[in-house]
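The numbers here are math on the coordinates, done by the rules we state, and not lab data. Fair warning: this is a prediction, and the values are worked out from it, not measured in the lab. Cβ coordinates were reconstructed from backbone atoms using ideal geometry, including for glycine residues, and neighbour counts include every protein chain displayed.
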Amino acid sequence: MLVVNDLMATLPFDLYELSLFQLVAETGSFTRASEKAGLTQSAITRQIRGMENQLGVALFERTTRHVSLAPAGTLLYEKSRAILKATNELIHGLQHEFHLIPRTLRIGIARSIGLAYLPGFFFAYQRKFPNIHLHASQGSSKEITEQLLGRELDVGIISVPERLQGPLEITHDFADEFTLIAPPNSFPSAQPTIRVDVAKQLFAEQRWLLVKHDGNTGRNLNAWLRKQSWKVEPAMELDSFDAIVNLVALGLGCSIVPHRTLPLYATRRVVQRISLKQRFARRLAVVVRRDRKRPEHLTGFIENVLF
């Protein structure tokens with residue numbers, strides 16, 4: 001026992017500090033890591049400095065604009081990922097086996113999925129499984145698939161990529177159709193539904209607000225616009241359609257957004273809606289790991305989610 005106590009007293013870091021180190025390494029920023037951890041930047045900086053002082057070696061190379069792993073940090077990052085993953089799996093296994101805490105369902109939702117969709121995701125499930133704690137977080141579709149693979153999430157609702165990574169599967173999906181929107185009364189004589197060629201002329205001089213081009217939705221939307229020979233140069237790119245709708249309602253430009261985003265703003269943020277005869281639609285899907293056996297509370301969510 002004395003040997004163990006001596007070892008614990010001389011360890012240069014604990015699992016909590018190791019998790020913070022991983023967070024800084026993955027985000028490449030003390031600021032972003034502190035936001036994710038719910039800490040101040042100075043607090044997370046002190047933790048990393050303490051690890052470096054105890055180890056006697058620099059873990060990060062710092063500049064005024066960027067943080068990157070030093071050679072020792074690269075080695076620690078590669079070796080510690082397996083330790084943290086095994087620890088998380090052990091904790092979740094104990095909690096599940098012995099019911100140590102109320103069950104929690106960890107759900108990742110793509111940022112491009114608007115607030116108006118959320119009742120359909122949760123309402124029926126919460127009525128049937130009132131004792132399950134829901135932990136919902138937002139991220140890019142890529143981040144969510146990576147968290148699913150790392151067992152940091154149980155289920156993801158994402159814009160479907162061209163190919164899913166690793167042992168992931170889609171349980172069900174649906175087509176999410178888009179519509180044109182403009183500030184109120186921008187085109188008083190326009191028909192409620194128009195062809196793409198008419199839309200090109202109508203919106204030719206407009207300022208465009210679009211979803212970010214580097215996400216799954218943005219890539220698919222840009223591919224559709226190219227297919228229509230519709231050249232659109234965005235004045236602003238955002239990762240939230242809720243933000244886009246609000247900015248369009250304030251007169252800052254026009255956009256093309258999922259029509260299901262709009263009912264939430266029918267009275268507070270009025271926009272002019274113009275449907276296209278040749279519509280763009282993205283695929284939204286529920287994605288899980290391809291496990292041999294799924295817990296009941298996860299299966300219940302899959303069966304009760306509504307699009």
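For the chain, the share of DSSP beta bridges that are antiparallel, to the nearest 5, is 60%. The listed peptides 192-199, 278-285, ordered by packing as a protection proxy, come out as 278-285, 192-199 (highest mean of other Cβ atoms within 10 Å first). Peptide packing for 211-218, 181-188 was compared via the average number of neighbouring C-beta atoms within 10 Å per residue; ordered from the highest value, the list is 211-218, 181-188.
Count Lys and Arg as plus one, Asp and Glu as minus one, and take only other residues whose Cβ is under 11 Å from that of Ala70; the net charge is then -1. With the simple spin-label model, which puts each label point 7 Å out from Cα in the Cβ direction, the Ser29 to Asp14 separation comes to 2.9 nm. Would you look at the GNM of the chain, springs on alpha carbons closer than 10 Å, and say which of Thr179, Thr31, Thr145 moves the most? Of Thr179, Thr31, Thr145, the Gaussian network model singles out Thr31 as fluctuating most. The alpha carbon convex hull volume per residue for region 97-249 rounds to 149 Å³.
Computing FRET efficiency as 1/(1 + (r/R0)^6) for Arg46 and Asn131, where r is the C-beta to C-beta distance and R0 is 45 Å, gives about 0.70.
In region 200-298, taking the dipole from charged Cβ atoms about the Cα centre, the farthest positive-side position among Leu209, Val257, Gln278 is held by Gln278.
Give the value in nm², to one decimal: projected area of the alpha carbon convex hull of region 111-160, averaged over all directions.
Details: hull surface 15.2 nm².
The directionally averaged projection comes out at 3.8 nm².
When shorter helices are ignored and each DSSP H run of at least 4 residues is given -39500 (n - 2.57), the per-residue value for the chain at 222 nm works out to -13000 deg cm²/dmol. Here r is the Cβ-Cβ distance between Asn185 and Trp208 and R0 is 22 Å; the resulting FRET efficiency, rounded to 0.05, is 0.75.
What FRET efficiency comes out for the pair Leu250/Ala70, r = Cβ-Cβ distance, R0 = 51 Å, nearest 0.05? My answer for the efficiency is 0.65. Dipole size of the chain about its Cα centre, with +1 on Lys/Arg Cβ and -1 on Asp/Glu Cβ: approximately 1000 debye, rounded to the nearest 20.
Could you work out the relative contact order of region 24-134, using alpha carbon pairs under 8 angstrom and six or more residues apart, expressed as a whole percent? Please report the intermediate quantities before stating the final value.
On the way: 63 pairs, mean separation 18.3, N = 111.
Rounded, it is 16 percent for region 24-134.
Take every pair of alpha-carbon atoms less than 8 Å apart whose residues are at least six positions apart; their mean separation over the length of the chain yields a relative contact order of 22 percent.
So which residue, out of Glu233, Glu35, Glu146, gets the largest mean-square fluctuation from a GNM of the chain using Cα contacts under 10 Å as springs? With Cα springs under 10 Å in the chain, the top fluctuation among Glu233, Glu35, Glu146 is at Glu35.
What order do you get for 60-67, 115-122 when each peptide is scored by the mean count of other beta carbon atoms within 10 Å, highest first?
115-122, 60-67
Counting only DSSP beta bridges with both residues in region 180-307, what percent are antiparallel, rounded to the nearest 5? Walk me through the numbers on the way to the answer.
Working: 5 of 12 bridges.
Once the DSSP bridges in region 180-307 are tallied, antiparallel ones form about 40 percent.
Counting only residues at least eight positions apart within a chain, or on another chain, the lysines with an alpha carbon under 23 Å from that of Lys212 are Lys36, Lys142, Lys200, Lys227, Lys231.
Of Ser137, Ser159, Ser19, which is the most mobile in a GNM of the chain whose springs link Cα atoms less than 10 angstrom apart? Result: Ser19 has the largest fluctuation of those listed. The mean sequence distance of close C-alpha pairs (under 8 Å, at least 6 residues apart), as a share of the length of region 131-221, puts its relative contact order at 29 percent. Counting charges near Ser80 (Lys, Arg +1; Asp, Glu -1) among other residues having Cβ under 13 Å from its Cβ returns a value of -1.
Inter-label distance, Arg103 to Arg290: 2.4 nm, where each label sits 7 Å from its Cα along the C-beta direction. Which one, Leu149, Pro12, Gln47, is farthest towards the positive end of the dipole of the chain when Lys and Arg carry +1 and Asp and Glu -1 on their Cβ? Farthest towards the positive end: Leu149. If you take all other residues with their beta carbon under 12 Å from the beta carbon of Leu20, and give Lys and Arg +1 and Asp and Glu -1, the sum is 0.
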